[in-house]
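**Q** One structure, pasted below without further comment.
A short reminder: the numbers here are calculations on the coordinates, not readings from a lab. Please read these numbers as outputs of a predicted model, since none were measured by experiment. Cβ placement follows ideal geometry from the backbone for every residue including glycine, while neighbour counts extend to all protein chains displayed.
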Amino acid sequence: MAVWSKLMTALRGNANMLGEAIVDSQAMVILDQEIRSAGADLNSAKHALADIMAKHRLAASKLSELNASLTQYEGYALEALEKGEEGLAQEVALKIANIEIEIQQQQETVNHYAKSEQDLRYAVQSAEGNLKRLRQQADTVKATESVQRAQAAVVSRYAGSNAKLQTAMDSLERIKTKQAENAAKMAAAQELAAESQGDALDEKLRAAGITPEKTSAANVLARLKAKQQSN
């Protein structure tokens, strides 16, 4: 069981390493896709913000109109009271009450849009900052990746060049050794040839009586006899 457990652990480790290698090989592709997705989400958020801002402005404009209408009808009510038109003033007062209720509701709507706009604006600004930093980091990673690939290529070529240079140097040494051997052989051959030519010339000179013959037993015996006779 212990062996099986270790085997399964090793297999899981290899699988994790393989998975990480695949993810690493696609890291830049995944990063680019994530950046594009984040950019698309940011654009959607900006459109939503623009929509909220427009609704906020319309609600605020309507609130201003209601406030203006309230001021207007309050003036009508006061004028009716001044003229003793109590019944008319009562009707205007009812209108004013309805306007005040509508103003209260509209104010809540304006406040809601204002809060939504503030929150969404903050979210958009935060997302823009994060996306900007992400893009900067991605550019840095891409630049570093390019530099490292270039360095790896240079190192690889340098190592290959060193191997090729060493092979060339070895070949050169073998050629020089071979040339030295050939030169020695030719020098020896020339020396032997010179010696052969010298022996032939000496034989010719001795045959012509120009140089003495080589010492031999006959010559030595003749010389001894001549010495004996002279004594």
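**Q** What does the net charge come to around LYS46 if you take all other residues with beta carbon closer than 12 Å to its beta carbon, with K and R at +1 and D and E at -1?
**A** Details: positive: ARG121; negative: ASP41, ASP51, GLU128.
Net of charged neighbours comes to -2.
**Q** Find out how many positive minus negative residues lie around ALA68, taking Lys and Arg as positive, Asp and Glu as negative, among other residues whose Cβ is under 13 Å from that of ALA68.
**A** -2
**Q** Moving on to the next point. Compute the signed sum of charges (Lys and Arg +1, Asp and Glu -1) over the other residues within less than 12 Å, Cβ to Cβ, of SER126.
**A** Charge balance in the 12 Å sphere: +1.
**Q** Can you give the FRET efficiency to the nearest 0.05 for SER64 and LEU134, using r as the Cβ-Cβ distance and R₀ = 41 Å?
**A** After rounding to 0.05, the efficiency reads 0.45.
**Q** Taking 0.36 nm per residue of sequence separation and subtracting the Cα-Cα distance, how much length would be gained by fully extending the chain between LEU42 and ALA187, in nm to one decimal?
**A** 43.3 nm
**Q** Using per-residue counts of other Cβ atoms within 10 Å, averaged over each peptide, order 53-61, 82-90 from highest down.
**A** The packing order, highest mean first, is 53-61, 82-90.
**Q** Follow-up. What size of dipole, in debye to the nearest 20, comes out for segment 55-155 about its Cα centre when the only charges are +1 on Lys and Arg C-beta atoms and -1 on Asp and Glu C-beta atoms?
**A** Computed charge dipole of segment 55-155: roughly 1300 debye.
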